[in-house]
Amino acid sequence: MDVKDLISIDPEVLGGQPVFKGTRVPIETLFDHLETGESVDDFPDQFPSVSKEQAISTLEIAGKLMSSKNVIKLYETAA
């Protein structure tokens, strides 16, 4: 799944915070949910507008972003 099919950034929705496309659920909420020890399987129960497939695909994209090659690019951009 393409990132633009998963994530929407619109200044009119939550001030431009990245959200799951077609929802008002911030992407950050998924990571907060996982940090508390909840499973990705339970996420759609608490946020029914987000499918399990969307959550898993978002985690896969995050994993790709954190590859060593991409982390170096992110690090250089932040400097």
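The values are calculated or read from the model by the stated rules, or taken from the named source; none is laboratory data. The structure displayed is predicted, hence computed values, not measured ones. Reconstructed Cβ throughout: ideal geometry from the backbone, glycine too, with neighbour counts over all protein chains shown. Accessible surface is based on the protein model in full, side chains and every heavy atom, while ligands, DNA and RNA are left aside. Shrake-Rupley method; radii C 1.70, N 1.55, O 1.52, S 1.80 Å.
Structural remarks
- The length gained by stretching the chain between N70 and D41 to full extension, at 0.36 nm per residue less their Cα-Cα distance, is 7.7 nm.
- Computed from the Cβ-Cβ distance with R0 of 30 Å, the FRET efficiency linking E60 to V13 stands at 0.80.
- Longest segment of the chain lacking GluC sites (Glu not before Pro) that sit in a DSSP loop with at most 14 other Cβ atoms within 10 Å: 39-79
- 3J(HN,Hα) from dihedral phi, the stretch 36-45, Karplus parametrisation 6.51/-1.76/1.60, rounded to Hz, x for glycine, proline: 7, x, 6, 8, 5, 5, 7, 4, x, 5
- Taking the 1.4 Å solvent-accessible surface of the chain as the whole, the part contributed by carbon and sulfur is 56%.
- Axis angle, to the nearest 10 degrees, between helix 52-65 and the longest C-alpha principal axis of the chain: 10 degrees.
- Other residues whose C-beta falls under 15 angstrom from the C-beta of N70 contribute a net charge of +1, scoring Lys and Arg +1 and Asp and Glu -1.
- Over all other residues within a Cβ to Cβ distance under 10 Å of P44, the charged ones net out to -3, with Lys and Arg as +1 and Asp and Glu as -1.
- Long pairs among K21/K73; K4/K73; K4/K52, criterion Cα-Cα beyond 22 Å: K21/K73
- Cα gyration tensor, the stretch 1-72 - rounded (a/c under 1.5), prolate or oblate: oblate
- Note that the chain presents 69 Å² accessible area per residue, ligands and nucleic acids not counted, probe 1.4 Å.
- Helical contribution to [θ] at 222 nm, DSSP H n ≥ 4, -39,500 (n - 2.57), averaged over the chain, rounded to 500: -14500 deg cm²/dmol
- Calculated from backbone phi, Karplus (6.51, -1.76, 1.60) coupling profile of the stretch 28-34 in Hz, x at Gly/Pro: 4, 4, 4, 5, 4, 4, 5
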